[in-house]
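Note sheet for the following structure.
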Amino acid sequence: MSQGKSRISETDPRWQAMLARDPAADRAFVYAVRTTGVYCRPSSTSRLPRIENVEFFDTAEQAEAAGYRPSRRRAADQTHRAEQHRAQVTQACQLIEAAESAPSLNQLAEQLGMSPFHFHRVFKAITGVTPKAYASAHRARRVRAQLQQASSITEALYEAGFNSNSRFYESSNARLGMTPGAYRDGGANTEIRFAIGQCSLGSILVAQSARGICAILLGDDPQQLLHDLQDKFPKAELLGGDSGFETLVARVVGLIEVPGIGLDLPLDLRGTAFQERVWQALRTIPAGTTASYAEIARKIGAPRAVRAVAQACAANALAVAIPCHRVVRSDGNLSGYRWGVERKRQLLARESPVDGTTGQQDCAEF
């Protein structure tokens with residue numbers, strides 16, 4: 001609790017901790033200096049202020065809410081800590097990807113010198129997914145790759161790190177959107193319902209597997225959209241949607257017309273572990289705002305992977321539902337979009353509460 005402007009006693013244990021520059025007190029409180037407008041940790045090596053100018057707060061958040069800003073030293077510490085966390089998460093991702101079987105939360109935390117709770121919180125804050133979800137997505141990607149190469153499905157599953165077939169088959173639909181055999185055969189024996197219609201942005205194709213919506217494609221040529229779906233699932237049984245499916249298509253068209261309403265329908269995401277991390281980050285960008293490719297890269301803990309983020313956006317097959325149209329260049333200008341820059345401009349304009357003609361806004365942190 002803030003001490004307010006009441007006189008602080010020299011016997012106050014917090015003042016004594018400041019005098020001793022006690023690092024053990026850093027988690028207990030911060031002190032703010034009225035004459036400079038900054039706050040510091042008790043262990044700060046900055047010159048000690050006069051006691052009558054000091055105000056105590058339980059947390060840095062309370063100090064900032066009261067109008068104080070972090071000292072330059074503390075701000076540098078926070079930047080260093082953020083960089084350290086990104087490096088630790090990158091290392092954790094590498095450990096997960098190199099392991100034959102998914103390491104446990106405790107194992108990962110121990111290798112990084114963190115508590116399981118703190119590691120879990122930091123990992124999710126940076127990547128947007130839990131360590132377990134990241135490991136599952138990575139192994140699903142390995143299964144996809146192995147199913148194309150291995151001589152048998154069993155071999156593919158073992159190569160991907162599953163110690164028994166049953167463990168994978170229990171969740172194969174969640175991982176692949178279909179059985180391993182069907183995925184290996186290009187969607188053989190799998191039904192995918194689809195419909196092609198028109199919206200204000202041109203032609204639209206909506207497709208749904210048993211797991212959820214697996215494609216929302218935009219374009220000028222309806223036949224080309226169908227070819228794109230066939231290329232993705234060359235051996236699946238593509239079925240024209242019935243009257244019930246038309247209702248689902250109408251909901252998707254509504255999303256195109258008013259992107260900010262969101263789409264409360266299950267999605268069938270099919271991508272690499274990295275792509276799914278990017279797509280999850282895209283879904284956190286609020287309607288009416290934009291983010292740069294560099295911001296997305298930092299968000300998922302891969303600040304140097306800007307080009308890979310752009311490629312993941314281009315690989316997105318769920319227009320608007322995964323809002324890659326909200327990603328712009330660092331200077332705020334629009335760049336490439338799988339379905340055309342003009343469609344991107346129109347989607348942003350529909351979401352923008354300020355500018356109804358261009359839809360361009362400043363890049364936003366999220």
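The values are calculated or read from the model by the stated rules, or taken from the named source; none is laboratory data. Everything numeric here is computed off the predicted structure, so don't read it as measured data. Cβ atoms come from the backbone with ideal geometry, glycine included; neighbour counts cover every protein chain shown.
If I ask for residues that are at pLDDT below 85 and loosely packed, with under 12 Cβ neighbours inside 10 Å, which ones from region 1-22 would you list?
Within region 1-22, the first condition is being at pLDDT below 85, and the residues that meet it are 1-8.
Selection gives M1, G4, K5, S6, R7.
Please determine, by comparing only the residues of region 201-241 that are without any contact (Cβ under 8 Å) to a residue 24 or more places away in the chain and outside any strand (DSSP E or B), which one is nearest to E191 (Cα to Cα). By that ranking, first place goes to Q230.
Residues in region 289-309 that are in a helix (DSSP H, G or I) and surrounded by fewer than 19 Cβ atoms within 10 Å (Cβ to Cβ): 4 in all.
Total residues in region 242-269 satisfying the condition of being aliphatic (A, V, I, L, M), within 19 Å of the chain's Cα centre (by Cα) and assigned to a loop (DSSP other than H, G, I, E, B): the figure is 3.
Picking from residues in region 68-117 that are within 30 Å of L48 (Cα to Cα) and polar (S, T, N, Q), the one that is modelled with the highest pLDDT is S71. Taking every residue in region 314-337 that is in a strand (DSSP E or B) and pairing it with any residue that is polar (S, T, N, Q), at least 6 positions away or on another chain, the pairs with Cβ-Cβ distances below 8 Å are I322/N316; V327/T290; V327/S292; V328/T290; V328/S292; V328/S335; V328/Q360.
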